Amino acid sequence: FLEKYAERNSILSQKFLLEHPFLPYGQTANLGIRQIIFTKTGLFRPYLTTGGDADICWRIQQETDYKLTFVTTAIIRHRHRSNFKELKSQWLRYGRSNLYLHELYGVDLMRDFTVKEGIYRVGRWLLKEIPRDTIKLIQGKGNPLDLIKMPIDLFNFYARSQGQKNAKLSEEAKQIDWL
């Protein structure tokens, strides 16, 4: 059900990355880069443990005239996380990436998870979203995954917030390797 949740909610969709407020980027899970570009911008940072996809795309756009192109006809097959341990690891890594990219480029950090917001969102889920989504399900207009979307979203938000809070960018991670 976690894989279906991720697919339904466009987790790993390039759409959101191409609309990033700093600069667009592609995820390395489905990104191709021409070799000649590496000679101009360098390779991936070998000690940057996460966020390398945004970093390389942003360097390409800032240091060259090359443009990112989204190929709508490309077929990408990807398995989403299938258990909570893997899902938590993924979102912790996204949080660390937020901090690293903030330190390298000054991009905005995401807001921190607060207990107040968690309580508000659980209350909203129980009092508004579950009744609404149950009615839709009964009418044949809903999806059972909608009933559990908010707790999974909250789990992800908390993990991402923790990853961002506990991350530390090493000096080594600022190094770029070259061909």
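The values are calculated or read from the model by the stated rules, or taken from the named source; none is laboratory data. In this text the structure is predicted, and so the values were computed from the model without any measurement. Cβ atoms come from the backbone with ideal geometry, glycine included; neighbour counts cover every protein chain shown. These area figures cover heavy atoms from the full protein model, side chains too; ligands, DNA and RNA do not enter into them. Shrake-Rupley method; radii C 1.70, N 1.55, O 1.52, S 1.80 Å.
Aspartates and glutamates within cross-link reach of Lys174: Cα-Cα under 16 Å, excluding same-chain residues under 8 positions apart?
Here the aspartates and glutamates satisfying the reach criterion relative to Lys174 are Asp53, Asp55, Glu103.
In whole percent, what relative contact order does the chain give with Cα contacts below 8 Å and a gap of six or more residues?
With pairs under 8 Å counted, the relative contact order is 34 percent.
What are the ³J(HN,Hα) values, in whole Hz, obtained from phi via the Karplus relation 6.51 cos²θ - 1.76 cosθ + 1.60 with θ = phi - 60°, for each residue of segment 107-117 in sequence order, with x given for Gly and Pro?
5, 5, 7, 7, 5, 6, 5, 10, 4, 4, 5
Tally up the carbon and sulfur contribution to the accessible surface of the chain as a whole percent, 1.4 Å probe, everything protein left in place.
54
What do you reckon, how do Arg34, Arg132, Arg45, Arg77 stack up by accessible area (1.4 Å probe), largest on top?
Descending order: Arg77, Arg34, Arg132, Arg45.
Kirkwood hydrodynamic radius, computed over distinct alpha-carbon pairs, for the chain: how many Å, to one decimal?
The answer is 18.3 Å.
Quick check: with the 1.4 Å probe, what order do Tyr66, Tyr105, Tyr5, Tyr47 take by accessible area, largest first?
Working: Tyr66 75, Tyr105 45, Tyr5 5, Tyr47 115 Å².
Order by accessible area, largest first: Tyr47, Tyr66, Tyr105, Tyr5.
For segment 168-179, what does the Karplus curve 6.51 cos²θ - 1.76 cosθ + 1.60, with θ = phi - 60°, yield as ³J(HN,Hα) per residue in whole Hz, taken in order and with x for Gly and Pro?
Each residue's phi maps through the Karplus curve to give 9, 7, 7, 4, 4, 5, 7, 6, 10, 7, 10, 5 Hz.
If you wrap segment 90-179's Cα atoms in a convex hull and average its projection over all directions, what's the area in nm²?
Mean projected area for segment 90-179: 8.5 nm², to one decimal.
Hey, what do the phi angles of segment 4-17 turn into as Karplus ³J(HN,Hα) couplings, whole Hz, using 6.51/-1.76/1.60 and θ = phi - 60°, x for Gly and Pro?
5, 4, 4, 5, 5, 9, 6, 5, 6, 6, 5, 3, 6, 6
Could you sort 143-150, 118-125 so that the peptide with the highest average Cβ count within 10 Å comes first and the rest follow in order? Please report the intermediate quantities before stating the final value.
Working: 143-150: 15.4, 118-125: 13.0.
Listed from highest to lowest mean packing, they are 143-150, 118-125.
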